[in-house]
Amino acid sequence: MDSALLTQPKQRFTEAVKFLPVGFVVLIIFILHYIYMHFHALPRYPDSTVEIVIFNVVTLLLVTCYVMCILVHPGTVPDKEEDISWQIVAQDLRDPPLDVSVANPQEWKRSGDRRQCKWCAKYKPDRCHHCRVCRTCILKMDHHCPWIYNCVGFRNHKYFFLLLVYSMAACHFITWTMLESVMASIDTTMPFASMFAILFGETLAAFLGILVTVFLGFHIYLTMKGMTTIEFCEKTKTKDGKGSRSPYDRGIAGNIRSVLGDNPLFWCLPMSPPSGRGLYYTEEDARLGRDLEGNRGLSKRKQRSSKQQGRQQRDSRQNYGTPEDVSGPILLSSGPLSGEDFGRSNGYGAADLELLNKRRTQDCGSLCP
């Protein structure tokens, strides 16, 4: 591909052929909705009132999330009019100074320089990648999805995640509630067109339900680990073969908030996306999220620490005696402990003095005279 074309920001929705996958998805949604309502739900009305309400609410949420995935831009690096610090200027090809109080990058080039995009002529924030299809850098890029004619990134990740949730719910709802109609379609009195439509809808819904369930399970795993699809594919392996922990892992609660938003009341609704600009992912934020997630185990750790300190104090008293007896003479003494007067005054015998001198030498090492 010509590099001159890649350096120019691409206008969205300019290639009609890219809408073919979108049209295919819309057609599937329409077919499943029509088959379920026309051949299953409406013929059983009013007994199927609850099914009709639930199915149409889920379908409405699904369509809303799908439209939002297409229309909402995933986010990109600010232009020079908004924030000039991300621009690579000709007179300063080296890295400009970073405000470490604001930005604490986790990702650097192998040379130690800041990551930069040669196509956009901008510095890359953490988790940002250049999409050759969209011809721009995408913030917190997960992947480019042709089914939505858009990238999945920081600003539309929630809508994509909920799209998978509602798609799985709708497919499973169709599959399990339409079994009654499938059994009835075996009756020879039912017209062939109706029987074919019911069996086709049931098969299509079951097949898509399995695929979407597996795909949703994978994205739930990524969300719990605080990773994107790109980061999962690029993550390095440690020497023992176990996967390394993501530097952006904020704990389960923090990772969910980073995708579904700060308010749990709106997690299941296509509104209230995560706050922030998607430019910074500081280590302090990650530690804060992990601390909030680990509060349940804090008391247990304190109890274990208290028990360990108690055991250490008991061992110390057994080896040295009580602190009141030995702290003064032993710590302030500049030489080995000796003398019958010290032994009689403190209640130690010759063997005790020899043991104390040996322990004192081990504790202070080369600092002992």
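The values are calculated or read from the model by the stated rules, or taken from the named source; none is laboratory data. Predicted model only: the values in this text are computed from it and were never measured. Every residue, glycine as well, gets a Cβ built from its backbone with ideal geometry; the counts of neighbours run over all protein chains shown. Protein only, heavy atoms only, side chains kept; ligands, DNA and RNA dropped before computing areas. Shrake-Rupley method; radii C 1.70, N 1.55, O 1.52, S 1.80 Å.
Here are the numbers for the structure shown:
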| item | result |
| --- | --- |
| Ranked order, L179, L62 - accessible area, probe 1.4 Å, largest first | L179, L62 |
| Segments 129-138, 214-223, 180-189 sorted - mean Cβ within 10 Å per residue, highest first | 129-138, 214-223, 180-189 |
| Heavy-atom SASA rank of M37, M178 (probe 1.4 Å, accessible area, largest first) | M37, M178 |
| Among 13-22, 257-266, the order from most to least packed when residues are scored by Cβ within 10 Å on average | 257-266, 13-22 |
| Furthest towards positive pole of dipole, H172, H129, Y159, structure part the range 107-192, Cβ charges | H129 |
| At 1.306 mPa s and 10 °C, Stokes D of the range 141-206 from Kirkwood alpha-carbon radius, µm² per second | 113 µm²/s |
| Filter on K124/K158; K124/K225; K18/K225; K80/K235; K18/K158; K80/K140 - keep pairs with C-alpha separation over 27 Å | K18/K225; K80/K235 |
